[in-house]
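What follows is a set of notes on a single structure, which appears directly below.
The values are calculated or read from the model by the stated rules, or taken from the named source; none is laboratory data. Small disclaimer: the values here were computed from a predicted structure and weren't measured. Positions of Cβ are generated from backbone atoms using ideal geometry, with glycine treated the same way; all protein chains shown enter the neighbour counts.
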Amino acid sequence: MTVIRFRIFLLFLLLIYFYTVGSAGAVVKLNANSGGTIRIEARDSTLGEIVSKFYDRYRLEIKGLENREGEKVTFSYTADTLEDLLKSLLRHLGIKNYAFEFDDEVLKRLVAVPEATAEVSSFSPSSNIPNQENEFVSIAQVQSIIEASQAESAGLQIGDIILEYDGVPINSAQQLVSEVEKKAQVNQIEMVIVRQKIPTRLILNGGFIGVRILTIKIPRAEFNSFQ
């Protein structure tokens, strides 16, 4: 009888041990340090748990990752800002296309944009569109990003095409500069960019964006592919 009780007690201890170890295996910590930096510690956690942690801590919505919520993630990083922390996480997840949305300079939403599908990427300027094969249009393309600017915070990248600024179609660098000057006192504007033929809408403050742009020409068929 004593042996049976001992075995039951041993089994009980083993169950407690495995439960404790199993529970401790998945960890998500998101903390602001005394020096002003932000650190994330995720170990064998689901992406859905990480997304929930950002919402609980910062009321930050993260969209576009719904089909990956069950994916296990192990990741740790310390950054000076929330935006930098998110950019590092996105790089870790292999996500290149994303957009930040701000409300009075406070980051409110992150939208992850999926990579272009084979169907979209195969749509090229060589498409048989009548009378457009040799026609070109002007666009404003980002050549570089100024550090600590709205452009950097919003995740703009070199090569992005600025398609619209506050509802106005943009077809040259000079036109964008002019529109930015007109809207310098506006609290919020919507800007549409194109990256890898995928249009993305960003919410920015009016005025200085923080990009160096150049007017270039591309075939109209290519331009039409991301309209």
Every residue from region 43-59 that is modelled with pLDDT of 90 or more and closer than 14 Å to Leu89 by Cα = Thr46, Leu47, Gly48, Glu49, Ile50, Val51, Lys53, Phe54
If you take the residues in region 89-114 that are more than 10 Å from the chain's Cα centre (by Cα) and within 18 Å of Ile38 (Cβ to Cβ), which one is surrounded by the most Cβ atoms within 10 Å (Cβ to Cβ)?
-> Leu107
Yes/no for Val192 being touching a Pro at 6+ places or on another chain (Cβ under 6 Å) and at pLDDT 85 or above = yes
Any chance Asn131 is assigned to a loop (DSSP other than H, G, I, E, B) and at pLDDT 85 or above | no
Select the strands (runs of 3 or more DSSP E) contained entirely in region 146-212, then report the ones holding at least 1 residues which are in contact with a Ser or Thr (Cβ under 8 Å, 6 or more places away or on another chain) and closer than 18 Å to Ala99 by Cα.
-> 189-195
Going through region 70-83 one residue at a time, which ones are surrounded by fewer than 16 Cβ atoms within 10 Å (Cβ to Cβ) and closer than 24 Å to Phe102 by Cα?
-> Thr78, Asp80, Thr81
Given the structure, is Leu60 surrounded by 15 or more Cβ atoms within 10 Å (Cβ to Cβ) and closer than 17 Å to Ala112 by Cβ?
-> yes
Kindly check whether there is at least one residue in region 181-191 that is over 23 Å from Leu82 (Cα atoms) and either touching a helix residue (DSSP H, G or I) at 6+ places or on another chain (Cβ under 7 Å) or buried (at least 20 other Cβ atoms within 10 Å of the Cβ) (or both).
-> no
Any residue in region 213-222 that is surrounded by 19 or more Cβ atoms within 10 Å (Cβ to Cβ), on the phi < 0 side of the Ramachandran plot and among the basic types (Lys, Arg)?
-> no
